[in-house]
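Report on the structure given below.
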Amino acid sequence: MLSQDDLKRAVAKAAVEYVPIDCIVGVGTGSTANFFIDELARIKHKIRGAVASSEASAKRLQGHGIEVLSLNDAGDLPVYVDGADEITRHLHMVKGGGGALTREKIVAAASKKFICLCDASKLVDVLGKFPLPIEVIPMARSYIAREVVRLGGQPKLREGFTTDNGNIILDVHNLSIMNPVELEAALNQLAGVVTNGLFARRGADVLLLGTPDGVKTMTA
Ligand code: 5RP
């Protein structure tokens, strides 16, 4: 029987096909993205380098001898490859389980195509079972927590965690997200929110879903 890691490895392998020759690749964060980084290392002579969405991914890329560029130097990217915590058939996602949501959203925004890599367990009908991460400026913590309660969620501080940008994460439980585009915008308008983990306004373009029957490709 295939393990979850086998499925992640399979989608990571499939994603390499989406990387154009001689390009700079946008690279996500997390265990699935790590499998992709390992696959990317096999074709490192065919790419110019990568832009990483976290310090952890930058370190792993560099460990494989792949050059890591800043997004400011790289300009627009042809492709961004990353995992997700939940994804719907519309390719709306919840991300940020690893706390890298802000840089992920920036690199995704600067990329022409977002290729999302998931094992089958991540495909859901409605987002929100996985707690929605929100990156918050530390002084706004209590204010944002109160606002989130007004919106029907239960915020929980991610204890002992600081983002790469020096901020905190509130994980919001008990949301049933029927309108992800609207909620993404509403949360982002709260003063003190840096980003929330809904990737709906700019969702994925392609989902490579690892299933026991092979890798399935879904498009928005
Ligand atoms: C990190 C993320 C990850 O993409 C998400 O948490 C999925 O991680 P994994 O591939 O380990 O299941 O958004 O901030």
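Please treat every number below as a calculation from the coordinates, not as lab data. The shown structure was predicted, so the numbers you read here are calculated from the model rather than taken from an experiment. Neighbour counts are summed over all protein chains in view; Cβ atoms, including those assigned to glycine, are modelled from backbone coordinates with ideal geometry.
Between L190 and R89, what FRET efficiency follows from the Cβ-Cβ distance if R0 is 22 Å, with the result rounded to 0.05?
That pair, L190 with R89, gives E of 0.15.
How long is the range 80-164 along each principal axis, judged by its Cα atoms, biggest number first, in Å?
So the three principal-axis extents are 35, 28, 21 Å.
Across 10 Å bins from the origin, how do the percents of Cα pairs in the range 1-123 run, short distances first?
14, 51, 30, 4, 0
For a Förster distance of 22 Å, can you work out the FRET efficiency between the beta-carbons of V16 and E67, rounded to the nearest 0.05?
Using R0 = 22 Å, I get an efficiency of 0.80.
Kindly flag which residue pairs out of K13/K156; K112/K156; K8/K105; K129/K216 have an alpha-carbon separation exceeding 28 Å in this structure.
Exceeds cut-off: K13/K156; K112/K156.
For the range 108-220, what is the convex hull (Cα atoms) projected area averaged across all directions, in square nanometres?
With every direction weighted equally, the projected area is 8.0 nm².
Under 14 Å from the Cβ of Q62, count the other residues' Cβ atoms, weight Lys and Arg +1, Asp and Glu -1, and hand me the total.
In short, 0.
How do 98-106, 12-20 rank on mean C-beta neighbours within 10 Å, highest first?
98-106, 12-20
Would you mind calculating the gained length between S31 and R146 on full extension (0.36 nm times residue separation, minus the Cα-Cα distance), in nm to one decimal?
Fully extending the segment from S31 to R146 adds 38.2 nm.
Please tell me the relative contact order of the chain in percent, rounded to the nearest whole number, where contacts are Cα pairs under 8 Å and at least six residues apart.
With pairs under 8 Å counted, the relative contact order is 22 percent.
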